[in-house]
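See structure below.
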Amino acid sequence: MENTLKVLFIDAGTGYYRMKRCRVGDFFGPIDLGYHLAANHGTFNIGTGLLAGSILPGSNRLFFTAYSACWHGIYVSSMGGAGLVFDNLGLNMIAIRGRAPGPSILCLNRVPGEEVEVELVEIVE
């Protein structure tokens with residue numbers, strides 16, 4: 001079977017989501033795939049690399065890529081160790097597009113197998 005990066009696309013405005021697989025070779029990890037998605041689809045991306053969950057130093061970092069309205073370019077940021085929990089979802093990246101109607105929480109839960117439950121919950125004050 002061909003290696004792929006699994007990306008979950010989420011529209012924050014409607015709650016609609018879909019899964020897409022990107023071939024390894026076209027993209028190699030969260031930075032180049034995130035850069036591509038941010039530049040071409042206007043998404044905020046959260047992801048890990050193919051080695052997430054391994055014992056290699058730095059492999060469990062969680063990466064963020066998006067377009068910055070402040071300096072009009074793509075930015076990359078990361079959080080150490082957070083990719084280990086993210087890897088348990090069975091995804092390599094989440095690409096969020098649009099805007100929720102109000103403050104919201106994105107809940108992701110992996111059910112047995114490859115399916116991921118996605119719920120966008122609006123915070124009501």
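The values are calculated or read from the model by the stated rules, or taken from the named source; none is laboratory data. Quick caveat, the model's predicted, so the values are computed rather than measured. Every residue, glycine among them, receives a Cβ derived from its backbone with ideal geometry; neighbour counts consider all protein chains shown. For the accessible areas, the whole protein counts, side chains as well, though only heavy atoms, and no ligand, DNA or RNA atoms are used. Shrake-Rupley method; radii C 1.70, N 1.55, O 1.52, S 1.80 Å.
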For Pro101, only one of the following conditions fails: (1) loosely packed, with under 13 Cβ neighbours inside 10 Å; (2) touching a strand residue (DSSP E or B) at 6+ places or on another chain (Cβ under 9 Å); (3) outside any loop (DSSP other than H, G, I, E, B). What is its number? (3)
Here is a list of conditions, (1) crowded, with 16+ Cβ neighbours inside 10 Å; (2) in a loop (DSSP other than H, G, I, E, B); (3) under 15 Å from the mean Cα position of the chain (by Cα), and Gly90 meets all of them except one; can you say which number that is? (1)
Please go through segment 74-89 and give me each residue that is in contact with a Ser or Thr (Cβ under 6 Å, 6 or more places away or on another chain) and modelled with pLDDT of 85 or more, ordered by number. Tyr75, Val76, Gly83
Filter result (in a strand (DSSP E or B) and among the aliphatic types (A, V, I, L, M)) within segment 1-54: Leu5, Val7, Leu8, Ile10, Met19, Val24, Ile46
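Just wondering, is there one or more residues in segment 15-23 that are of a type in the set (Phe, Trp, Tyr), under 30 Å from Glu125 (Cα atoms) and touching a strand residue (DSSP E or B) at 6+ places or on another chain (Cβ under 8 Å)? Walk me through how you get there before you give the answer.
The initial filter retains those residues of segment 15-23 that are of a type in the set (Phe, Trp, Tyr), namely 16-17.
Still in the running and under 30 Å from Glu125 (Cα atoms): 16-17.
Narrowing the set further to residues that are touching a strand residue (DSSP E or B) at 6+ places or on another chain (Cβ under 8 Å) leaves 16-17.
Yes, segment 15-23 contains at least one residue that is of a type in the set (Phe, Trp, Tyr), under 30 Å from Glu125 (Cα atoms) and touching a strand residue (DSSP E or B) at 6+ places or on another chain (Cβ under 8 Å).
Quick check on my filter: what residues within segment 57-81 are aromatic (Phe, Trp, Tyr), in contact (Cβ under 8 Å) with a residue 24 or more places away in the chain and either open to solvent by less than 80 Å² (accessible area, probe 1.4 Å) or assigned to a loop (DSSP other than H, G, I, E, B) (or both)? Break it down into steps so the answer makes sense when it comes.
Let us first name the residues in segment 57-81 that are aromatic (Phe, Trp, Tyr), namely 63-64, 67, 71, 75.
Next, only the ones that are in contact (Cβ under 8 Å) with a residue 24 or more places away in the chain stay: 63-64, 67.
Phe63, Phe64 - these are the residues of segment 57-81 that are aromatic (Phe, Trp, Tyr), in contact (Cβ under 8 Å) with a residue 24 or more places away in the chain and either open to solvent by less than 80 Å² (accessible area, probe 1.4 Å) or assigned to a loop (DSSP other than H, G, I, E, B) (or both).
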May I ask you to list pairs of residues, at least six apart or on different chains, whose Cβ atoms are under 8 Å apart, with the first in segment 38-56 being surrounded by fewer than 18 Cβ atoms within 10 Å (Cβ to Cβ) and the second being among the hydroxyl-bearing types (Ser, Thr, Tyr)? Ala39/Tyr67; Gly42/Tyr67; Leu51/Ser59; Gly53/Ser59
